[in-house]
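All remarks here apply to the structure that follows.
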Amino acid sequence: MTDRSPRTPVTLENLRAAARVLHASRCPVVLTGAGISKESGIPTFRDALDGLWAQYDPQQLATPGAFRRNPKLVWDWYTYRRELLAQAQPNPGHRALVELERLLGCLVVITQNVDGLHQAAGSSDVIALHGDIRRNKCFANCQGDPTLIDLSTLDWDRASGPPRCPHCGAPVRPDVVWFEEALPAAALERAFRVCENADVALVVGTSGIVQPAASLPFVAKERGAFVIEVNPAPSAITAIADWSFAGAAGEVLPRLVTALAEWETHEP
Ligand code: APR
């Protein structure tokens with residue numbers, strides 16, 4: 001009998017049971033958070049920030065008010081994160097989701113991450129709820145929301161902080177969702193719609209704390225979806241998970257996908 005305790009041991013039997021559920025799925029959805037990028041060298045939000053940024057709390061930097069008060073500090077933090085990201089590659093967890101999409105024929109990945117690593121790995125249908133750190137926009141969105149700005153067309157003193165919008169002179173900011181800001185309406189509406197119709201929700205590497213993204217697994221569960229979690233630690237999602245595999249995404253997801261591929265090869 002497969003283990004139904006709050007945390008599920010990552011055994012072959014349990015992975016095969018989860019693979020059978022995925023195999024039978026008509027419309028699975030994956031929901032990811034910062035944990036899936038940890039093995040690409042990207043610190044999670046609840047990790048203590050290292051080095052220069054250890055003294056700052058992301059929730060004190062990633063806000064419109066912080067940017068208004070000190071645009072250079074916030075801009076430099078994003079420059080640091082973009083430099084981290086420039087070294088980062090998709091890890092086996094990201095790549096396993098690409099293989100899962102190939103095996104299942106369709107897979108929507110709803111991510112809270114702004115690092116673009118799902119897209120870089122090859123996932124073809126990614127809903128990026130919190131934007132994309134690789135893009136920039138006018139802080140005033142003077143030409144419409146978003147007024148995207150291509151930094152390569154601008155020349156400015158990088159020591160002074162962010163460049164100015166070439167249209168209106170407002171500071172340029174990363175095209176990400178900050179605390180106190182609304183998520184992109186079309187992305188959020190589609191994410192809820194996909195979760196309302198999902199029959200399996202694979203939740204990977206999120207603490208399940210930040211709304212409205214944290215509601216999505218509960219929406220899927222309420223509509224009868226099977227919830228499978230992958231996280232080394234318990235999260236706010238663990239209590240509603242049918243299986244909560246206690247392990248790292250880069251280790252568990254490849255084994256889950258292998259179990260699915262073997263099942264499909266040897267299906268009785
Ligand atoms: N594999 C899977 N999960 C992992 C791994 C790993 N290798 N390492 C850590 N985790 C888990 C942690 O146990 C934690 O539950 O990843 C989760 C990371 O949680 P958070 O840091 O809270 O990140 P996330 O849930 O994505 O935060 C949501 O909060 O700060 C805002 O906008 C920001 O998108 C972010 C949102």
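Table for the structure above
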| item | result |
| --- | --- |
| So residue 82, is it touching a residue at least 40 places away in the same chain (Cβ under 8 Å) and either more than 10 Å from the ligand (Cβ to nearest atom) or part of a loop (DSSP other than H, G, I, E, B) (or both) | yes |
| Some residue of segment 31-48 being within 11 Å of the ligand (Cβ to nearest atom), at pLDDT 80 or above, assigned to a strand (DSSP E or B) and open to solvent by less than 40 Å² (accessible area, probe 1.4 Å) | yes |
| Residue match in segment 102-112 (condition: open to solvent by 30 Å² or more (accessible area, probe 1.4 Å) and without any contact (Cβ under 8 Å) to a residue 40 or more places away in the chain) | yes |
| Cβ pairs under 8 Å, 6+ apart, first in segment 199-212 and closer than 18 Å to residue 246 by Cα, second away from the ligand (no atom under 11 Å from the Cβ) and open to solvent by 40 Å² or more (accessible area, probe 1.4 Å) | 201/221; 201/226 |
| Test set (1) surrounded by 14 or more Cβ atoms within 10 Å (Cβ to Cβ); (2) within 12 Å of the ligand (Cβ to nearest atom); (3) at pLDDT below 95 - residue 56 fails condition number | (2) |
| Subset of segment 149-168 (residues that are touching a strand residue (DSSP E or B) at 6+ places or on another chain (Cβ under 9 Å) and over 22 Å from residue 80 (Cβ atoms)) | 165, 166, 167, 168 |
| Single unsatisfied condition, residue 179 versus (1) in contact with an Asp or Glu (Cβ under 8 Å, 6 or more places away or on another chain); (2) within 22 Å of residue 38 (Cα to Cα); (3) hydrophobic (A, V, I, L, M, F, W, C) | (1) |
| Selection from segment 113-157 of residues that are over 30 Å from residue 197 (Cα atoms), open to solvent by 70 Å² or more (accessible area, probe 1.4 Å) and without any contact (Cβ under 8 Å) to a residue 40 or more places away in the chain | 143, 148, 150, 152, 153, 155, 157 |
| Residue list for segment 188-218, filter: away from the ligand (no atom under 16 Å from the Cβ), touching a strand residue (DSSP E or B) at 6+ places or on another chain (Cβ under 9 Å) and open to solvent by 10 Å² or more (accessible area, probe 1.4 Å) | 190, 194, 197, 199 |
| Meets criteria (assigned to a helix (DSSP H, G or I), touching a residue at least 24 places away in the same chain (Cβ under 8 Å) and closer than 16 Å to residue 202 by Cα) for residue 65 | no |
| Whichever residue in segment 219-240 is of a type in the set (A, V, I, L, M, F, W, C) and more than 11 Å from the ligand (Cβ to nearest atom) and, among such residues, is surrounded by the fewest Cβ atoms within 10 Å (Cβ to Cβ) | 239 |
| Among (1) within 13 Å of the ligand (Cβ to nearest atom); (2) open to solvent by 50 Å² or more (accessible area, probe 1.4 Å); (3) under 30 Å from residue 139 (Cβ atoms), the one test that residue 185 misses | (1) |
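So that you can scan it fast, the table gives a plain yes or no per residue for (1) hydroxyl-bearing (Ser, Thr, Tyr); (2) out of contact with any Gly (no Cβ under 6 Å at 6 or more places or on another chain); (3) modelled with pLDDT of 95 or more; (4) more than 18 Å from residue 112 (Cα to Cα):
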{"position": "155", "(1), (2), (3), (4)": "no, yes, yes, yes"}
{"position": "179", "(1), (2), (3), (4)": "no, yes, no, no"}
{"position": "183", "(1), (2), (3), (4)": "no, yes, yes, no"}
{"position": "206", "(1), (2), (3), (4)": "yes, no, yes, no"}
{"position": "209", "(1), (2), (3), (4)": "no, yes, no, no"}
{"position": "215", "(1), (2), (3), (4)": "yes, yes, yes, no"}
{"position": "241", "(1), (2), (3), (4)": "no, yes, yes, yes"}
{"position": "246", "(1), (2), (3), (4)": "no, yes, yes, yes"}
{"position": "259", "(1), (2), (3), (4)": "no, yes, yes, yes"}
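The values are calculated or read from the model by the stated rules, or taken from the named source; none is laboratory data. What you are looking at is a predicted structure, and each value in this text was computed from that prediction instead of being measured. Here the Cβ is made from the backbone with ideal geometry for all residues, glycine too, and neighbour counts use every protein chain on show. These accessible areas exclude ligands, DNA and RNA; they are computed on the full protein's heavy atoms, side chains included. Shrake-Rupley method; radii C 1.70, N 1.55, O 1.52, S 1.80 Å.
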